[in-house]
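Please treat every number below as a calculation from the coordinates, not as lab data. None of these values were measured; they are calculated from a predicted model. Quick reminder, even Gly has a Cβ in these numbers, built from the backbone with ideal geometry, and neighbours come from all protein chains shown.
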Amino acid sequence: MAGQVRYIVLSDLHLGAENSILTSLQAGTTLADSQHSSPALTSLVDCLRDIVAANGGGEPPTMIVAGDLVELALASPVLSLPVVAQFAAALAAGEPVVRDEAVFVPGNHDHHLWEMSRERSAAEFLRAGRPREQGPASWHTSPMFLTKPPCYRAPLLEDAVHYLRGTERAQVRVVYPDLALTSLDGERAVLVTHGHYMERVGTLFSAMARLADPSSPPLDDVDTIERENWAWVDFFWGSMGRSTRTGALIEKLYDSMQDPRAVEAMLGGLAAAVTKRQNPLLGKIESWGIRRAVGHIVAGRLHERERDQTGEVIGAGSRQGLAAYFTAMRNTFARQWERPLPSDVTMVVGHTHKPFSQWWDDPGWPAGGMRVFNTGGWVVDHVAPQPLMGGAVVLVSDELDVVSLRIYQQVGTPSSRAITVETVRPTPGGEAFAEHIRSLVKPDEAPWLTFAVAVDRLVIERREDMRKILEGDLKLLRE
C-alpha cells in the first residue's frame, strides 16, 4: 500500500475575515457569523475525512497550519476565534480527521499568538527560578524541531476551542517561524514556514537598521530576521489592526489597494487634511506635492504586494526575497540539525494566496535544490476573477513524500471542479503516494462535488461583497 497521510498542511484560512470563504457571514453584513459554519469549511473537512479514511485505521494524521489561521489583523478576536472553534469542531465530529494535538506555525496576520506563547513561556521560566543560562537559545524564535525543548503552546487558541466547543481542551503546539520534519535516517526533510518575510515590507526594521548602520550583520539567519522585525510585524498586522478607529482605517487601506480610484481619493483626502489651514495658493502647491510624493511611495508598495501580482504565480521581488529567506532557513536548520544536510528536501510555504508546485534551484542543498509547494489561500481579495489564486492542501506521507491537492482556484463559474494532485520530481514512493491520493478524489461525487458547489457560490458572493466594500470606502474617502 502507498504511504499513508501523516501530515495535513493548510495555511491562510483567515478564519473570521470578511473575505474568507471558510467564514460564514451574518445576514446582510460582512461580520463573521459565530453561530453557523461556512458550507465551504464543513465540506472541506468532509473531503479531508474522505482522504484520511483510506489510511485504514491507526492514529489520524497531524494537522499543521502554516500561518494566518485566524484573522487578528482585520477582524475582532471576538468574531474570529469562534470560527476557529467551528473548524476544530468539524475536524473532531464523528471519526476524527486529525490528532488531538495540532502544530501551528504563525503567520503575519496571527503573529500575535506567537508573542503570547513566548511571553507565557518566559513567565514560566522566571517562576521556576531556573538559572538564566538554562533558558532557550533564543527568546524570539522556537527550535525548528518538535523534539527540541522548549515546548510552546497557543493558550488563546486552546482556551477558545475549549470554551466555545465545551469539550476537552485542545492541544496546539506552536513552532515559529519554521518547522522541520525529518526522516529517521536523516536523508529527508520537509520544512514548513508561512513566508511573510519574502516581501520587503516584512523586513522594514532591518532595512532601516542597515540604512543607519551599514555594518549591521547580514540577514542570513532566521533568528536575526525575527529578532529585528518581530515588533514591526506584531504592530502592523496585529496591534494596529485590532485598534478601533485606526484598525478601521488600516482595513480600508487594505481594501483600497486594488482600486486606483480609492487610492487617489485617499491621497486627496490626506492632502486636503494637511493643507486645510493654508492660504489657497500655498495649499494647492503643498497638496500637489503631497499627492505626488506619497503617491509615488504608495505606488511602489502596491507594485511589490505579492497578492496584487495577478499575472504571475510569484513576482520577481518576492522570489528574490523568498530565496534569501530560504538561505536563512538552511543556515538555521544546519545549526540546529548538527548532521549532514539531507539529500531530499521539500519546502512548504503560504502567504501569497497563489498555490504553486515547482523545483527551486539552490546549490546550498546536496541535491542542488528542493521542491517548493505553496498552499495558496482561502480569501477573495479581488473583484475580478483571479485564475492564479486559490487553495491547496499539502499532504505528507509517513515516508515524507509530499503532494499538493489543488482543490480550488478563483476563476470563472464553475471554478472548483478541476481538482488536481501535483508532485515535484517525485521519488518512486512519492509517485505511488500521488497516485494513491488521485484515486481518492472523485470530483463528481460527494463530498467533493458538495465542496465545489459551495466554493463556486461563495467566491461569487465574496467578490460582490468586495465590490460593495470598495464602493463604500470610495464614497467615504471622497467625503
Once you put a point 7 Å from the Cα of ARG457 and another 7 Å from the Cα of ASP185, both along the Cβ direction, what distance in nm separates them?
5.0 nm
For THR147 and ARG339 in the same chain, what is the full-extension length gain: residue separation times 0.36 nm, less their Cα-Cα distance, in nm?
67.6 nm
Assuming R0 = 30 Å, what is the FRET efficiency of ALA316 and ALA432, from their Cβ-Cβ distance, to the nearest 0.05?
0.25
Within-13-Å neighbourhood charge of VAL345 [Cβ basis; K, R +1; D, E -1]:
-2
Bins of 10 Å, starting at 0 and running to the largest distance - Cα pair percent for segment 62-147
14, 37, 32, 15, 2
Give me the extension gain from TRP359 to LEU440: residue separation times 0.36 nm, minus the current Cα-Cα distance, reported in nm with one decimal.
26.6 nm
Using a 7 Å offset from the Cα along the Cα-to-Cβ direction at both TRP139 and VAL78, what is the distance between the two label points in nm, to one decimal?
3.4 nm
What FRET efficiency comes out for HIS36 versus ASP213 if R0 is 51 angstrom and r is the Cβ-Cβ distance? Round to the nearest 0.05.
0.45
Kirkwood-based Rg to Rh ratio, segment 122-237, C-alpha trace:
1.02
How high is the FRET efficiency between ARG200 and ALA53 when r is their beta carbon distance and R₀ equals 56 Å, given to the nearest 0.05?
0.80
Less than 11 Å from a label point 7 Å out along the Cα-to-Cβ axis of LYS468: which backbone N atoms in segment 1-30 qualify, by residue?
26-30
Computed log₁₀ I(q)/I(0) - Debye formula, equal Cα scatterers, no solvent, segment 1-120, q 0.11, 0.22 Å⁻¹:
-0.38, -1.25
Given 37 °C and 0.692 mPa s, compute D for segment 175-232 with the Stokes-Einstein relation, Rh being the Kirkwood radius over Cα pairs; round to the nearest whole µm²/s.
252 µm²/s
